[in-house]
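Data block below; observations after.
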Amino acid sequence: MSEQVTLKAAVREETGKGSCRTLRIEKMVPGVFYAKNENVLIKAPLMSLEKVYAAVKTSQLLSLEIEGKGTFTALIKELVRHPFKNEITHFDIMGVDMEKTVRVSVPMVTVGRAASMAMGSRLEVYRSIATIECLPGNIPASIEIDITNFKDNDTLQIEDVVVPEGVKKIYDDNFAVLRLVAKGAAIAEDEEEEA
């Protein structure tokens, strides 16, 4: 696991729409830290929050330093953005117990290149996110899927995706993650759709 990113925040006493609007004018973002025994109203600088979110998204651990309260290991639970300014208007952070499993969604990325792709075969990706459950210290940044040995018309189901030790995939139905479609099959499928 790489070094944790740190977000510095302060406790906020103000609540309500007016005080939150004032915070946003000051380039601060109101949020809530959901700790084990209490929920703490906090505020964080917009730029710092944007940088931290870019680095950890909602699946990687961060270190949350709350002025006067201490430092906590946490996950970003949710961000709310303004509908057209694309600025963060609110955030929720969840404290984590390093001894209890958490459920997060992580990206699945392909590595390698199937030999038939040089001949015109194409890779169709149906799902790029996997929901997993594991201890917070075992959360992978991503799940890699090696397609080097894929043959035309091979389909990878979620149950066949290899995950690191200590990580459990969570799914109700065994869905297709990706498929390597042969060049001729791709043209035939496109023609069928047009008809």
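The number of residues in the range 35-62 being assigned to a loop (DSSP other than H, G, I, E, B) and free of Cβ contacts under 8 Å to residues at least 60 places away in the same chain comes to 4. Here's a check for you: in the range 29-41, which residue that is within 22 Å of the chain's Cα centre (by Cα) and either surrounded by fewer than 17 Cβ atoms within 10 Å (Cβ to Cβ) or closer than 13 Å to Ile76 by Cα (or both) is modelled with the lowest pLDDT? Applying the filter and picking the extreme gives Ala35.
Please pick out the residue among Met28, Met94 that is touching a strand residue (DSSP E or B) at 6+ places or on another chain (Cβ under 8 Å), closer than 23 Å to Gly137 by Cα and not charged (D, E, K, R). Quick ask: steps written out before the conclusion?
On the way: Met28 fails: closer than 23 Å to Gly137 by Cα.
Met94 is the lone residue from the list that is touching a strand residue (DSSP E or B) at 6+ places or on another chain (Cβ under 8 Å), closer than 23 Å to Gly137 by Cα and not charged (D, E, K, R).
Tell me, please, whether a residue that is within 24 Å of Ser63 (Cβ to Cβ), among the acidic types (Asp, Glu) and not assigned by TED's automatic domain parsing to the domain that holds Pro30 can be found in the range 160-174. Within the range 160-174 (the criterion being within 24 Å of Ser63 (Cβ to Cβ), among the acidic types (Asp, Glu) and not assigned by TED's automatic domain parsing to the domain that holds Pro30), the answer is no, since none of the residues qualifies. Considering the range 3-24, the residues that are in contact (Cβ under 8 Å) with a residue 40 or more places away in the chain and polar (S, T, N, Q) include one that is farthest from Gly166 (Cα to Cα), namely Thr6. Phe150 meets each of the listed conditions (1) part of a strand (DSSP E or B); (2) surrounded by 15 or more Cβ atoms within 10 Å (Cβ to Cβ) apart from (1).
Here's a check for you: in the range 112-137, which residue that is polar (S, T, N, Q) and modelled with pLDDT of 95 or more is surrounded by the most Cβ atoms within 10 Å (Cβ to Cβ)?
The initial filter retains those residues of the range 112-137 that are polar (S, T, N, Q), namely 116, 121, 128, 131.
Those still in the list that are modelled with pLDDT of 95 or more too: 128, 131.
Working: Ser128: 12, Thr131: 14.
The residue in question is Thr131.
For the range 74-97, the set of residues classified as out of contact with any helix residue (DSSP H, G or I) (no Cβ under 7 Å at 6 or more places or on another chain) and in contact (Cβ under 8 Å) with a residue 40 or more places away in the chain consists of Ala74, Leu75, Lys77, His90, Asp92, Ile93, Met94, Gly95, Asp97, listed by residue number. Could you tell me whether any residue of the range 82-96 is of a type in the set (S, T, N, Q) and assigned by TED's automatic domain parsing to the domain that holds Ile42? Yes, because at least one residue in the range 82-96 is of a type in the set (S, T, N, Q) and assigned by TED's automatic domain parsing to the domain that holds Ile42.
Of the residues that make up the range 92-115, is at least one within 27 Å of Ile170 (Cβ to Cβ), touching a Phe, Trp or Tyr at 6+ places or on another chain (Cβ under 7 Å) and among the acidic types (Asp, Glu)? Step through it out loud before you land on a result.
First, the residues of the range 92-115 that are within 27 Å of Ile170 (Cβ to Cβ): 92-112.
Narrowing further to those that are touching a Phe, Trp or Tyr at 6+ places or on another chain (Cβ under 7 Å): 92-95.
So of that shortlist, the ones also among the acidic types (Asp, Glu) come out as 92.
Yes: one or more hits.
Assess whether Glu65 counts as being charged (D, E, K, R), loosely packed, with under 13 Cβ neighbours inside 10 Å and not in a helix (DSSP H, G or I).
Details: charged (D, E, K, R): yes; loosely packed, with under 13 Cβ neighbours inside 10 Å: no; not in a helix (DSSP H, G or I): yes.
No; evaluated as a whole, the condition is false for this residue.
Scan the range 19-33 for residues that are in a loop (DSSP other than H, G, I, E, B) and touching an Asp or Glu at 6+ places or on another chain (Cβ under 8 Å) and the total you get is 0. Checking Val104, Val109 one by one, the residue that is surrounded by 19 or more Cβ atoms within 10 Å (Cβ to Cβ) and at negative phi is Val104 and no other.
Would you check if Val181 is surrounded by 15 or more Cβ atoms within 10 Å (Cβ to Cβ), in contact with a Lys or Arg (Cβ under 6 Å, 6 or more places away or on another chain) and either outside the structural domain of Phe72 (by TED's automatic domain parsing) or within 16 Å of Pro107 (Cα to Cα) (or both)? Answer is yes for this residue.
The values are calculated or read from the model by the stated rules, or taken from the named source; none is laboratory data. Treat the numbers as computed from the prediction; the structure is a model and nothing was measured. Quick reminder, even Gly has a Cβ in these numbers, built from the backbone with ideal geometry, and neighbours come from all protein chains shown.
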